[in-house]
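Only one structure is covered here, and it is reproduced in the block below.
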Amino acid sequence: RYRILHPVHDAIGLWLTSIVCEIWFAISWILDQFPKWLPIDRETYLDRLSLRYEQEGEPNMLAPVDIFVSTVDPMKEPPLVTGNTLLSILAMDYPVEKISCYLSDDGASMCTFEAMSETAEFARK
């Protein structure tokens, strides 16, 4: 309130810019709060999905899905967490021929490579 009632006459442009930015921030903050006040809870009906996309005698009509996992530093992202992520993706209830999982190790860490080799060996069992 003080900023609006006492404008800076020496720098009207900066004063006006700061007022517009504060109003924009207030509006965007309020709009950001709406989903938190009234969250939407959606429920998946797997039986309905099966009826729609899995019909006997026909190929599965589910869309192919490619999942890309990236990692850089094994100190910040432990290889165990990355391996568990990959195993969780591959264990999804989705047709095997329709899902692909890719791992990008931008740090080229030998530790991550060895851990993912062990993870792949474990997944084959």
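The values are calculated or read from the model by the stated rules, or taken from the named source; none is laboratory data. Quantities reported herein were computed from a predicted structural model and do not represent experimental measurements. Cβ: placed from backbone, ideal geometry, glycine included. Neighbour counts: every protein chain shown.
Brief remarks follow.
- Number of positions in the range 72-92 that are in contact (Cβ under 8 Å) with a residue 24 or more places away in the chain, closer than 27 Å to Ser50 by Cα and assigned to a loop (DSSP other than H, G, I, E, B): 0
- Here is the figure for the range 107-125: residues that are among the charged types (D, E, K, R) and surrounded by 10 or more Cβ atoms within 10 Å (Cβ to Cβ) total 2.
- Residues that are farther than 19 Å from Gly107 by Cα, modelled with pLDDT of 90 or more and over 17 Å from the mean Cα position of the chain (by Cα), drawn from the range 63-86: Pro64
- Residues located in the range 51-71, provided they are out of contact with any Phe, Trp or Tyr (no Cβ under 8 Å at 6 or more places or on another chain) and assigned to a loop (DSSP other than H, G, I, E, B): Glu54, Gln55, Glu56, Gly57, Glu58, Pro59, Ala63, Pro64
- The range 20-58: number of residues that are modelled with pLDDT under 90 and surrounded by 10 or more Cβ atoms within 10 Å (Cβ to Cβ): 7
- The range 1-19, residues that are among the charged types (D, E, K, R) and either exposed (fewer than 10 other Cβ atoms within 10 Å of the Cβ) or in a loop (DSSP other than H, G, I, E, B) (or both): Arg1, Asp10
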